[in-house]
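Before any comments, here is the structure.
Coordinate-derived values only; no laboratory data. Fair warning: this is a prediction, and the values are worked out from it, not measured in the lab. Glycine gets a Cβ as well: all are built from the backbone with ideal geometry, and neighbour counts include every protein chain shown.
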């Protein structure tokens, strides 16, 4: 039985869900620079975390 870290759905699904949560909270709660920071953090998570999870598998 393969590890959950070996599944591509896990590589992209978990970071995408987290990024959506961060983006929604950042967009609704914050203003100005804090909003931009939250959106940048969400974008970085979508790009970087799948690569880290691939290496962990």
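Observations, loosely collected:
- Number of residues in the stretch 10-55 that are exposed (fewer than 15 other Cβ atoms within 10 Å of the Cβ) and more than 13 Å from the chain's Cα centre (by Cα) equals 13.
- Some residue of the stretch 36-48 being on the phi > 0 side of the Ramachandran plot and either out of contact with any helix residue (DSSP H, G or I) (no Cβ under 9 Å at 6 or more places or on another chain) or part of a helix (DSSP H, G or I) (or both): no
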